[in-house]
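Inspection log for the structure reproduced underneath, given as structure tokens.
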Amino acid sequence: MHGDRGYQGCAGIIKAKAPAARDFTNRRVRKQGFEDEAERMRNRAKSRTRARVGHPFLVLKRLWGFAKVRYRGLTKNASRAFTALAMVNLYMAARREPALARP
């Protein structure tokens with residue numbers, strides 16, 4: 001489970017709900033005036049992963065209005081979500097490589 005520092009005190013709740021889940025929440029870096037650089041680098045790697053995963057969902061929700069989904073059945077909702085995520089991949093690839101957007 002990835003989360004920011006807001007989920008830091010929830011380790012017990014996470015463990016109770018999902019015992020096999022691994023906890024990737026960011027930890028405190030400063031303790032009693034001492035700064036742990038190794039923990040800071042681990043937090044940075046976790047945040048980088050969370051940002052990379054979260055960005056496509058931002059595009060999906062804001063550009064194509066996928067914030068609220070009406071229940072249409074599991075198959076229809078899944079196919080709509082997969083199609084929308086494929087469009088997000090194409091959109092983000094076109095933004096990375098301007099040559100892909102041109103015919």
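Structure summary
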| read-out | value |
| --- | --- |
| Stretch gain in nm, segment PHE82-ARG28, where the contour uses 0.36 nm per residue and the Cα spacing is subtracted | 15.8 nm |
| Label point distance in nm, MET92-ALA21, each placed 7 Å from Cα along Cα→Cβ | 2.2 nm |
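Taken together, the values in this text are just the output of simple stated rules run on the coordinates, not laboratory data. Because the structure is predicted, anything quoted here is derived from the model rather than measured. Here Cβ is always computed from backbone atoms with ideal geometry, including for glycine, and neighbour counts include all displayed protein chains.
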